[in-house]
1. Go through the residues of segment 110-131 one by one and say whether even a single one is touching a helix residue (DSSP H, G or I) at 6+ places or on another chain (Cβ under 7 Å) and under 12 Å from residue 24 (Cα atoms).
2. Taking segment 102-117 as the search range and keeping residues that are more than 16 Å from the chain's Cα centre (by Cα) and assigned to a helix (DSSP H, G or I), which one is farthest from residue 6 (Cα to Cα)?
3. Quick one: would you say residue 48 is surrounded by fewer than 12 Cβ atoms within 10 Å (Cβ to Cβ) and under 26 Å from residue 97 (Cα atoms)?
4. For the subset of segment 85-94 comprising residues that are under 13 Å from the mean Cα position of the chain (by Cα) and farther than 24 Å from residue 51 by Cα, which member is surrounded by the most Cβ atoms within 10 Å (Cβ to Cβ)?
């Protein structure tokens, strides 16, 4: 049986969505969830200042959480319609940034997404943003675990 997929979206798939993906997958293994996370960029072209495959602050936060990032070598990936269609759940990490991008680039999907409100580095220190993401992702994994148990 294949795992259900959650898709985390951000602007560049370099920092916030990558942290959410790695953390969720770690928690899913720990909790034996039948879910797997992926992440994608809604505007990968806006990440011209991104250096390398993943933000160093993201890797540092994962290591601090005792998580070995399995996807740290992959470059950011742009979202496609197939990515959206393959996901049972889609989370965009900041509604103010991502709702309009979804509406323009993937018309009709903007109302099928759960939105969080986690700022990028232009408005929040990475420690604060990653702490918010950690709480959101942990809460989400816990909610999925509870729902899975009640469906058995």
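1. No, segment 110-131 contains no residue that is touching a helix residue (DSSP H, G or I) at 6+ places or on another chain (Cβ under 7 Å) and under 12 Å from residue 24 (Cα atoms).
2. Step by step, filter segment 102-117, then rank; the result is 104.
3. Values: surrounded by fewer than 12 Cβ atoms within 10 Å (Cβ to Cβ): yes; under 26 Å from residue 97 (Cα atoms): yes.
It is true that residue 48 is surrounded by fewer than 12 Cβ atoms within 10 Å (Cβ to Cβ) and under 26 Å from residue 97 (Cα atoms).
4. The initial filter retains those residues of segment 85-94 that are under 13 Å from the mean Cα position of the chain (by Cα), namely 87, 89-94.
When the remaining residues are screened for being farther than 24 Å from residue 51 by Cα, the result is 87, 89-91.
Working: 87: 20, 89: 16, 90: 21, 91: 23.
Among residues in segment 85-94 that are under 13 Å from the mean Cα position of the chain (by Cα) and farther than 24 Å from residue 51 by Cα, the one surrounded by the most Cβ atoms within 10 Å (Cβ to Cβ) is 91.
Bear in mind that the values in this text are calculations on the coordinates, not laboratory data. If you're wondering where the values come from, they're calculated on a predicted model, not measured in any experiment. Neighbour counts are summed over all protein chains in view; Cβ atoms, including those assigned to glycine, are modelled from backbone coordinates with ideal geometry.
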